[in-house]
Every structure is written in C-alpha cells, then in structure tokens.
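Notes to accompany the following structure.
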Amino acid sequence: MACDVRLLDHMFIPGTLIGPFTQAHPGLGGVCTFVGEVRGEQGGVEALELMHYELLTLPGMIELAETACARFDLMGMLMVHRVGMLRVGEPIVCVSAAARHRRGAIDAVDYAMDHLKSAAWFWKREKRADGWHWIEPRAEDRSDLARWQ
Amino acid sequence: MSAIRVVYLGRLADVAGRAESELVLPSGETGWAVLVAALESQVNADIAQASRDAKVKIAINGTVHTDRDGLQIKPGDEVALLPPVSGG
C-alpha cells in the first residue's frame, strides 16, 4: 500500500504522472485515474484561486489516501492537488488508484474525489468580470459524502 | 496578557480584512467567548459575528475542535477559523 500525495503550487501535467505511477505497481489488474480541470463557465471565469491551510490540508489528504487504500484494497494511490492561482483549462487535481481488481480502483477514485471536493481543507474562489467570488458548498456535496457512509 | 495567532481561511480573510492577525488575550487559558470578544475589539465586529456561525470550524495548532464551549486556548497557540470547504 503506497500513497503518493502532493500539494503543488505550480502547473502540472497529469499525463507525466500516470506512467511512473503505473510502473511503480507491477502486477496490478487495473489503474483508474481522474483529472479535474478549471472549467470556463459561461459566466466568464477568468481564473481560480485555491487557498489551503498548512497545518491541515496535506495531512488531511494523506489520511484520505490511506483510508482509501485500506478500504478499497489498493496497491497504491496517487493524489495530487493544486494550490495557488490557476487559469481556465489547467488541471486542479489528479487522483489515480492501482488495484488488482477494477471495482476497487474505480470506487477508490470516486471516493477520493467526493472527499477532496467536500471534506478536504481547501477554499476556492473564482475571478469573474465583476471580481472574485468564494465558492460555497452545494447540497450535492453533502449527499456525495453521505453515500460513502 | 498573552498573544495568540489567528488565521482566517477562505472568505473569512475578506471579512477580517487580512489573512491572519495576532490577538492579545487576558493571561492564562482562555476559551471561545474570550476569543470572540478579542476578535470584535481587535479586528472587527463582522469577523466576530462570522466566527459564531456553526458552519465555521475551529482548529487549534492543527487540531480541529467541534466543541466551542470546551475550547482551551493557551498563549502562543495558533487558532484557525475554517469556513465550509470547497476543493477538487
């Protein structure tokens, strides 16, 4: 069980991470990967800023990855999340799970993404034409978490 | 008198008008009510009011506390005010 968890303050290219991650787990049955990018809303999102808290954010991500590894019986998990300023089209997050069986890999990525969006220590704001707007959680965020109970 | 550091995350940084501040508190351990009073008198009324929102979580030195009444804040502590999160 190996977790590679990173907070990055500069742009990253998800494709460059997946090959090495796969190679680090010989004998795997499947790898599932999710990449989230900054979406350009019709309302005209110009930029995104991700704030974090040093004492909580990375430790929380590590705990999340380790929980996912144990719960879904993974061979390994890669979890990379940006902080700082991002532009439309830039990757925000990359989660990849390696397992002997596909169901565990797929569910682990789904679990990790629901928790990164709704239960991880990040705060997002968007820049639109009329200035910066903080993103508030939505009802779906709570139901997304509840389905893993 | 003792000093603590308060860190304002997310939208609370806008409400406080800064990312963090040093607060001076009466000597000895202090709790939630004293913290809120110090926010009101040393920062502004809006951040004091915003911190009372049940959806705002409190961390002391990197440990999240859900019980505001039982909060114990010591000199040199770092208190973080954590509004609802949005990541991913």
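Tabulated data
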read-out	value
Filter result for A:A112 (touching a Phe, Trp or Tyr at 6+ places or on another chain (Cβ under 9 Å) and crowded, with 18+ Cβ neighbours inside 10 Å)	yes
Of all residues making up the range A:89-119, the number that are more than 10 Å from every other protein chain (Cβ to nearest Cβ) and assigned to a strand (DSSP E or B)	6
Residue ID - most open to solvent (accessible area, probe 1.4 Å), chosen from residues in the range A:43-87 that are charged (D, E, K, R) and more than 14 Å from every other protein chain (Cβ to nearest Cβ)	A:R87
Subset of the range B:1-46 (residues that are closer than 21 Å to A:I135 by Cβ and either among the small types (G, A, S) or touching an Asp or Glu at 6+ places or on another chain (Cβ under 8 Å) (or both))	B:V7, B:Y8, B:G10, B:A13, B:V15, B:A16, B:G17, B:A19
Residues satisfying the stated conditions in the range A:120-140, i.e. open to solvent by 20 Å² or more (accessible area, probe 1.4 Å) and either facing chain B (nearest Cβ under 7 Å) or part of a helix (DSSP H, G or I) (or both)	A:W121, A:K124, A:W134, A:I135, A:E136, A:P137, A:A139, A:E140
Top-ranked residue in the range B:1-15 [being free of Cβ contacts under 8 Å to residues at least 40 places away in the same chain and closer than 23 Å to A:T57 by Cβ; ranked as surrounded by the fewest Cβ atoms within 10 Å (Cβ to Cβ)]	B:D14
Complete set of residues in the range B:54-88 that are open to solvent by 80 Å² or more (accessible area, probe 1.4 Å), more than 12 Å from chain A (Cβ to nearest Cβ) and either closer than 25 Å to A:R125 by Cα or among the charged types (D, E, K, R) (or both)	B:A54, B:D67, B:D69, B:K74
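The values are calculated or read from the model by the stated rules, or taken from the named source; none is laboratory data. The structure displayed is predicted, hence computed values, not measured ones. Every residue, glycine among them, receives a Cβ derived from its backbone with ideal geometry; neighbour counts consider all protein chains shown. For accessibility, only protein heavy atoms count, side chains too; no ligands or nucleic acids. Shrake-Rupley method; radii C 1.70, N 1.55, O 1.52, S 1.80 Å.
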